[in-house]
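Notes for the one structure printed next.
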Amino acid sequence: MRTLFATLVAAGALAMAPFSPTRLAAQTPGKPGAKAAASAKAADITGSYAGTAMVPLGDSTIVVPVSYLFTGAGPTIGGTAMVPGQGTGAISHVVRDGQKLRFRVTAPENKLLEHDGVIAANGSIEGFVNLDNKPVAKFKIAPGTLAAPKGASKPSGAPNKPRGGVF
């Protein structure tokens, strides 16, 4: 079975709008107050995000769950990207310019998956994943974590959910 990272490497191209990011203020040397400004912006994106990546393969599309954890502050934002059951990759080179966000995920075999996205008013992030400057997937994530798979056992001592609801 192919991992998402391997699928992204082998996937076809999507159309994408041009993107020209600038570094966070704290990553630009010599600007007074740069660290405070960068920390405020970084606080907007730190935390857990979950959603999907859509990978085109020929005449079909594979939709897979993904999660991202952004950690740190100022010029040292990083984190971890994860595809359940398929692995993780380090997040680095996080650059935010207004509502535009760009970051890199290092996949197995040191493949660099560049993410170019836009942050919506509700905090969700949507954009494209690029490999070797070619789009290979579209991603959409929102603040939160991935739901546990159906049938997964709950931790001992966890309260029971009432029956009859949506969940």
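The values are calculated or read from the model by the stated rules, or taken from the named source; none is laboratory data. Here the structure is a predicted model, which is why all the values come from computation and not from measurement. Reconstructed Cβ throughout: ideal geometry from the backbone, glycine too, with neighbour counts over all protein chains shown.
If we keep just the residues of the range 68-88 that are modelled with pLDDT under 90 and polar (S, T, N, Q), which is farthest from Gly144 (Cα to Cα)? The residue in question is Thr76. If you scan the range 50-98, which residues turn out to be of a type in the set (S, T, N, Q) and closer than 22 Å to Glu109 by Cα? If the condition is that a residue be of a type in the set (S, T, N, Q) and closer than 22 Å to Glu109 by Cα, then Ser67, Thr80, Gln86, Thr88, Ser92 are the ones that fit.
Yes/no matrix, rows are residues, columns are (1) modelled with pLDDT of 95 or more; (2) within 16 Å of the chain's Cα centre (by Cα); (3) aliphatic (A, V, I, L, M); (4) not in a strand (DSSP E or B):
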| residue | (1), (2), (3), (4) |
| --- | --- |
| Gly127 | yes, yes, no, no |
| Ala148 | no, no, yes, yes |
| Pro155 | no, no, no, yes |
| Lys161 | no, no, no, yes |
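Ser20 - would you say it is modelled with pLDDT under 95 and out of contact with any Lys or Arg (no Cβ under 7 Å at 6 or more places or on another chain)? When the stated conditions are applied, Ser20 passes them. Within the range 41-100, how many residues turn out to be without any contact (Cβ under 8 Å) to a residue 12 or more places away in the chain and either in a strand (DSSP E or B) or farther than 15 Å from Glu126 by Cα (or both)? Qualifying residue count, the range 41-100: 8. For the range 102-117, the tally of residues that are without any contact (Cβ under 8 Å) to a residue 60 or more places away in the chain and under 11 Å from the mean Cα position of the chain (by Cα) stands at 6.
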